[in-house]
Structures are given as C-alpha cells and as structure tokens.
Amino acid sequence: MVLIKLITMKRRRIVVAAGFCLAFFLGTLMNLLYIPGFEHHQNHDHRVHRYYHEKQQQVTGDSQLQVVESVTEAVAESNSKPAVGSRHHQDLLLQIRERFDEVVRYRQRQAHGSGTGDPVRQLERRRLMDSEPGDNWDPIKVIERTENRQTHFQNRLSPSIYMHTASRKDFTMTLSSVNGTPMLGCNSIDNVTNVQYLGSGYTKAVYKASLNNSLSVALKSVDFGGHDMENCVKKYGSPGDCYRLASFKIVKEMTLMERLQHPNILKLYGYCYQDSNDIQDTVTAITELGSPLEMIQLLQTSWEERFRICLSLVRLLHYLAHSPLGSVTLLDFRPRQFVLVAGELKVTDLDDASTEEAPCSPSNCVMEFPARNFTLPCSRGRCLGINEKRNLYNAYRFFFTYLLPHSAPPTLRPLLDKIVNATGELIWGIDETLLQLEEVLHLYRNGFYLQNSTQTHITDYKHVVDASIPEENYRCWPSYQHDGCLLSVFSITEAISVCERHAQCQAFVVTNQTTWTGHQLVFFKTGTASLSSAKGRVTYVRVGS
C-alpha cells in the first residue's frame, strides 16, 4: 500500500512538472510570435510577392505630390455616399483631417498648428488607427485639379468635416530633387532585385531592395496585414478607407524627412504611387538603408563606437530642439526606431514625431515615465520645454545608461558619470549635454585622456617596418574583431601600455586603418612565429621583460 502511494505521488509530481514545462513552453512561444509592434517573419515570402512581384495596374507619372485638392474631392465624395454608420464615418473623416492638417502644417513650416480635433485627446496617443473609417476615398491621390474644381468641392464641405478651408493651397513635394540630389520615382523600383522583407511595425512594412544591382535601399509601405490595418478593417470593413488613413503616416514621414535635413536623419531618396491590391495610388517611400540597432551587440563593441552612437543621438536631439519646425519630440522613442549607417546613428521612424507641446494648467504639467515623473513649468497653457526634455530623458534611459560609462578610459569616467546623472535628473538641457559630450570628444580625439604619459615602460620594443603577424591571435574585450584583439589607440605609447597590461601580449601590429576619431587600429599578438611582409604595417616586438 505504501509503495502504491509513493508511485501515485511520484506520478502526480511528474504530471505537475510536465504541466509547468508545457505552460512555460507555450508562454515563450506566444511571446515570440506576438511581440508587440513587430511582426513574425513567417509570411515574408508572401509579402514580397504581394507587394513587388504582382502585376502593376497603373503607375502615376506626375512629378509632384498634390494633396489638398484630392483630399477636398475625397471628403466630398465620401459625404455624397450613403453612410451605414454616420457617427463612425464622421469620426474617420475627423481623424483623416487631423492627420492631413498636421502634414500641411509641416509643409507650411508652422511649428504650432491651431490644433484640430478634441483637445481631450492625449498627445501621446500613438495609434490613431484606433479611430474609425469611411468608404472609398483617396486623400493623397496624385492627380492635378483645377482651382475652380477645388473651390467647388470646398464649398460642399461641412465645417465639422474640415476646419482649415480658408488656408488651402497646393501642397506639393517636389519629386525632382532634395538639396540638389535627384529623387527616385516609380521607374526606379519597377525592376528592383534582391527584395527582402525586413520587418514591420503597427502600420508599415519595410523591405530591402537593390536598384540596378548596385544601390541598396529601404522600401516602406503600409502593411496590409499589420496591426493598424487589421484592427481597422475588422471593425469597419473598409480596406480602402483604412489604407488611406494609414498611408498618411508615410506621407507625414516623407514630409519630415524632406523638411528636416540632418546627418542623423535617414535620407529620403524618393517615393512612388501605384495601384496595388485593388487600392488605387498606394504609396511607397524609398529611403536610405540602415542596419537595425541591436543593443546586446552594442554592449560588446568598443567604447569609442558606443560613444559615437550617443554623440550622434545628442547631435540629432539638439537639431530637433531647434529645428525649422520648432521643437520636435519623438513620441515613440525606442532603440528600434533608429538604425546604423556606416557607424552613424540615424532615426528612421518619424511618423510619431510631433511639434505640439502638451497642454497644461499651472498644477498639472507632469511628464510621466515608468520609473519616475517630472513636473515642468506651465507657460501659456503649454508644458514648457516638454519636447526637448522628453527626448533627452529617453536618450538617458535607453542609451546613456547602457552605452556611455562602461569600459570608458578611466580619466573620462567622472565626466561621463556627470553627464549620465545630469540627464537622468534633467538638470541639463540638450544644449549643455551636447557641449559636454563634445568636450569628451575633444579630450579623447587629442589624447588628453591618457594617464602618466611621461612614465617609462618596463620593456623595450623593436619595430619592424612593412611587416605583420597573421597568426598568434588572442581575444580581448572590447575588440573590433571577435576572433582577435584589435583595439584603437591614440599613439604608440598607448599601444605599449595596452600590451603591457595584457599578460599574453608579446607583440603588436600597427595597421594603416583609423577609426572615426583618427585613432589607429592595432592588432595585439601572443608571439612572432608568423611574422611576414605586409606593406604599410609596422610590427613592434617585445625584447625584454
């Protein structure tokens, strides 16, 4: 009997343990498959075929993007149709109008618009797609209209549908060039090759493609299977209207890319309107291609490269704080909204950027974050400086705390800690933060961070010109090469100091390559058995101990 009880208890334990394992496995699988904001790659082959290998029905050949007239016509056409749910239909028109007005304000270089829509709506409400649709109308159709026809449709609009009729004029984005650079159009992506699905967020899908088998670009388009489109279509059953609403995010992003010219903002190469998936004039943005920002990989890179990313970010935020459009905040501020292009950090998603500062009363101007809140001054009904401070604190919590202090030169750490603490408490603004980071760059670039530069080394070295050591590698951290010890140094003196700190180092090879700061790349070696000729390199070998 006792034996039977023991066997029964053992079986129960096994069943319970198996249940826990199964629950953990299913939970992990669900997390992987349903990560918010990014789509699993299981259907990427179908996506590539659907967007870029289907037969194109018609490609628009206009050289300008003209929005005002087509919006006017579209709203009028929608009003002329029988509305099954008029309240929902009007709400859709309101949301499209708000997005359109925002784009128009950016095109007109007005930093602060007159604020359409319900003031109760929160500025940080990222997913405007949660609002509702209409029927089949096109707010961004690229077809020229006459002034008389525009006026005709304008007169048919109700003030509750569109509030800014008095200020309407042609809204154009020149396709020919930006800053003298020719823009790409539909003919540029007709025969793209090597199309790869990179990923998607709530609204957009992103593809990598090659133009003329030479230039690699990113293609951004509305994701028909994305969160925004699926929720909208499921609720309102109008794919065309839901697409029009979502597509304004791409139009906004293209507008900001064209208006905000900065080395740390992704370049807009062009755009294309074409008929696709039974929807007329679907829009595709053609942009510069970057590499996704992987924070785990960044933590394994050299401090110099991590510092470059933080400096790039602060230079970007300084520009956004003083941009031609006013102070711009990135409401969806996360590492995944940035990419690396040749080692330089660039923001790639601007559809959630805003120049509006949150409304407030004297007692309720609070900027909230998961770990803490900040109370800001309220001036003329707006939270003073909230856009700049939101960007700066997000830079602190997503970038500075992880990338700035770790493995930095010891003499620079006090200044770096000061920068991290000051931004974490929002003691400094973006101007002072940039000034301090530029000072760090000055100290590092010119070798002022080196300690005891007059000290004598414990060993002597002989140098061999035009020679290298291909083998005898060892690993060190952080290294520019995963299977060897490749570091950047300001001078031979610093290289000798590094070699003497590494017990296994018996030689080092000075390459003819430099980093972005001008420091030289140096291989550190365990011996000289494979010493051989190599033009342009100099090898230093230990001769004493």
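Below, the figures for the structure above:
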{"read-out": "Single residue of the range 521-535 satisfying the filter (touching a Ser or Thr at 6+ places or on another chain (Cβ under 9 Å) and assigned to a loop (DSSP other than H, G, I, E, B)) that is nearest to Ile496 (Cα to Cα)", "value": "Thr528"}
{"read-out": "Hey, Ser221 without any contact (Cβ under 8 Å) to a residue 40 or more places away in the chain and open to solvent by less than 20 Å² (accessible area, probe 1.4 Å) or not", "value": "no"}
{"read-out": "Cβ pairs under 8 Å, 6+ apart, first in the range 316-331 and under 10 Å from Ser354 (Cα atoms) and touching a residue at least 12 places away in the same chain (Cβ under 8 Å), second open to solvent by 20 Å² or more (accessible area, probe 1.4 Å) and among the basic types (Lys, Arg)", "value": "Leu325/Arg109; Leu325/Arg259; Leu331/Arg126"}
{"read-out": "Check on Val233, within 21 Å of Glu98 (Cβ to Cβ), assigned to a strand (DSSP E or B) and aliphatic (A, V, I, L, M)", "value": "no"}
{"read-out": "Hits in the range 460-481 - residues which are surrounded by 12 or more Cβ atoms within 10 Å (Cβ to Cβ), in a loop (DSSP other than H, G, I, E, B) and of a type in the set (Phe, Trp, Tyr)", "value": "Tyr474, Tyr480"}
{"read-out": "Residue list for the range 206-250, filter: at pLDDT 90 or above and not charged (D, E, K, R)", "value": "Val206, Tyr207, Ala209, Ser210, Ser216, Val217, Ala218, Leu219, Ser221, Val222, Ile250"}
{"read-out": "Tally of residues being open to solvent by 10 Å² or more (accessible area, probe 1.4 Å) and assigned to a loop (DSSP other than H, G, I, E, B) across the range 306-329", "value": "3"}
{"read-out": "Hey, Glu438 surrounded by fewer than 18 Cβ atoms within 10 Å (Cβ to Cβ), under 31 Å from the mean Cα position of the chain (by Cα), among the acidic types (Asp, Glu) and not in a loop (DSSP other than H, G, I, E, B) or not", "value": "yes"}
{"read-out": "Answer residue from the range 482-514, given it is open to solvent by 20 Å² or more (accessible area, probe 1.4 Å) and part of a loop (DSSP other than H, G, I, E, B) and is modelled with the lowest pLDDT among those", "value": "His482"}
{"read-out": "Residue that is within 14 Å of Phe224 (Cα to Cα) and either out of contact with any helix residue (DSSP H, G or I) (no Cβ under 9 Å at 6 or more places or on another chain) or touching a residue at least 24 places away in the same chain (Cβ under 8 Å) (or both), where the choices are Pro239, Pro263", "value": "Pro239"}
{"read-out": "Test: Ala529 is touching a residue at least 40 places away in the same chain (Cβ under 8 Å), more than 25 Å from Phe307 (Cα to Cα) and loosely packed, with under 12 Cβ neighbours inside 10 Å", "value": "yes"}
{"read-out": "Residue that is surrounded by the fewest Cβ atoms within 10 Å (Cβ to Cβ) [pool: residues in the range 252-305 that are assigned to a strand (DSSP E or B) and of a type in the set (A, V, I, L, M)]", "value": "Ile279"}
{"read-out": "Which listed residue, of Tyr273, Tyr269, is of a type in the set (Ser, Thr, Tyr), in contact with a Ser or Thr (Cβ under 9 Å, 6 or more places away or on another chain) and at pLDDT 90 or above", "value": "Tyr269"}
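Condition check ((1) closer than 18 Å to Tyr461 by Cα; (2) in contact (Cβ under 8 Å) with a residue 24 or more places away in the chain; (3) hydroxyl-bearing (Ser, Thr, Tyr)) across all residues:
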residue	(1), (2), (3)
Leu487	no, yes, no
Ser491	yes, yes, yes
Glu494	yes, yes, no
Glu500	yes, yes, no
Gln504	yes, yes, no
Gln513	no, no, no
Trp516	no, yes, no
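Each row is one residue, and each column tells you yes or no for (1) over 22 Å from Asn512 (Cβ atoms); (2) within 29 Å of the chain's Cα centre (by Cα); (3) outside any loop (DSSP other than H, G, I, E, B); (4) not charged (D, E, K, R).
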position	(1), (2), (3), (4)
Phe398	yes, yes, yes, yes
Thr411	yes, no, yes, yes
Leu426	yes, yes, no, yes
Tyr449	yes, no, no, yes
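The values are calculated or read from the model by the stated rules, or taken from the named source; none is laboratory data. Just so you know, these numbers come straight off a predicted model, no measurement behind them. Using ideal geometry, Cβ is built from the backbone for each residue, glycine included, and neighbour counts are taken over all protein chains shown. Keep in mind that these areas ignore ligands, DNA and RNA; they rest on the heavy atoms of the full protein, side chains included. Shrake-Rupley method; radii C 1.70, N 1.55, O 1.52, S 1.80 Å.
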